[in-house]
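Trainee: Let me give you the structure first, and then I'll get to my questions.
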């Protein structure tokens, strides 16, 4: 869907809060992602690790790691979609504002 | 730096354990370290399963017809626009939850296990609880949607559920198809 220009939109408290939660959720995806990848370097520099004399890299381990990393965008997207759906419902059920409705519709589908 | 160390899956799993730890290089005994590694692996697996399930549920939403309510029936049931929107709203979230339930609860379980062992394993509990609240638990808004839905007459709820079923569906397309959307 194409997104119509919205002029003079002043986000109300509910929308601002939702955007705050969406931003936080994006940070959470980074947190989980970091825990799966960046820590590799931490472990190298951790001093109290006994030296590993034999390294066995199984395909199962690689598959698990790869699948977990692939899952993160889906999980993040789902969390954000829920937030957007909730805002769409909010403006359909109670307080109606055309500009806010258009804004959250644009957020849901993107603008293509 | 030994490059092969970077490739070790043991270090990859331990990395997850270490980021969950309260600080870099925090002291955890060898036995607890092994438990943390084991639990971290379970979280990895649960994360992968949850992501795959979300994709599966999204495909159902994309490929299914949206529910269509009969206007005459709604009139008979004295269902206002707000009643129907409340029902669609709640059932959107509920049906999606039903679709992803096992995998989402599985991830919640292991995140909860990590939280419960935080003292023993020296886990950074703030990171665990942040993940839990975002991924695992319903929000207050979702719970309020459920409360609003439960206040509807049983006859209405029976009708909506007979039309909607258990499968996840698209909120906006459903609102549009049933002329419920306010533009």
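The values are calculated or read from the model by the stated rules, or taken from the named source; none is laboratory data. Since the model is a prediction, treat every value here as computed from it, not as a measurement. No Cβ is skipped: glycine too gets one built from the backbone with ideal geometry, and neighbour counts run over all protein chains shown.
Trainee: Can you pull out the residues in segment B:30-48 that are farther than 14 Å from residue B:121 by Cβ and surrounded by fewer than 19 Cβ atoms within 10 Å (Cβ to Cβ)?
Mentor: B:45
Trainee: Report, by residue number, each residue of segment B:118-141 that is at pLDDT 85 or above and crowded, with 17+ Cβ neighbours inside 10 Å.
Mentor: The answer is B:141, and nothing else.
Trainee: Could you give me the residue pairs with C-beta distances under 8 Å whose first residue belongs to segment B:163-183 and is in contact (Cβ under 8 Å) with a residue 60 or more places away in the chain and away from every other protein chain (no Cβ under 14 Å), whose second residue is surrounded by fewer than 19 Cβ atoms within 10 Å (Cβ to Cβ) and not in a loop (DSSP other than H, G, I, E, B) wherever it lies, and which are 6+ apart or on separate chains?
Mentor: Final answer for the pair search is B:166/B:98; B:167/B:60.
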